[in-house]
Amino acid sequence: MLINTSRGGLINTKDVIDGLKNYQIGYLGLDVYEEEAALFFDDHSEDILQDDIIARLMTFRNVLITSHQAFLTQTALQNIADTTIHNLDCFESGSKCENEL
């Protein structure tokens, strides 16, 4: 089972398709896809799917693809804004910020 909830092109999707076809990968869960911005953030329900890779992935009964949108909830957006303001306040005051790397 391969689960990718990271960001960006962490996996080689064409190789994963080969692994699914020859049963080296039993299940695939994707919360992200390299080309997701062109697919998930607008309504394409009336469009013909142009992305052959994701179209192929959707033919497998053992593949689950979800759009990476956890950050779009009101709570998540508020937390992001609060943390950003806190970080800016720390920077401006010259104080140590627990979020600093």
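For the reader, a short list of remarks on this structure follows.
- With each label modelled as a point 7 angstrom along the Cα→C-beta vector, the residue 10-residue 73 pair spans 1.9 nm.
- Rolling a 1.4 Å probe over the protein heavy atoms gives region 48-101 an accessible area of 81 Å² per residue.
- Descending semi-axes in whole angstrom, ellipsoid equivalent of region 48-101, from the Cα gyration tensor: 41, 12, 10
- If the segment from residue 50 to residue 23 were pulled out straight at 0.36 nm per residue, it would be longer than the present Cα-Cα gap by 7.1 nm.
- Distance between the modelled labels on residue 96 and residue 82, one decimal in nanometres: 2.3 nm (7 Å Cα→Cβ projection).
The values are calculated or read from the model by the stated rules, or taken from the named source; none is laboratory data. Keep in mind it's a predicted model, so treat the numbers as computed, not measured. Glycine also receives a Cβ, built like all others from the backbone with ideal geometry; neighbour counts cover every protein chain displayed. Just so you know, the surface numbers come from the protein's heavy atoms only, side chains and all, with ligands and any DNA or RNA stripped out. Shrake-Rupley method; radii C 1.70, N 1.55, O 1.52, S 1.80 Å.
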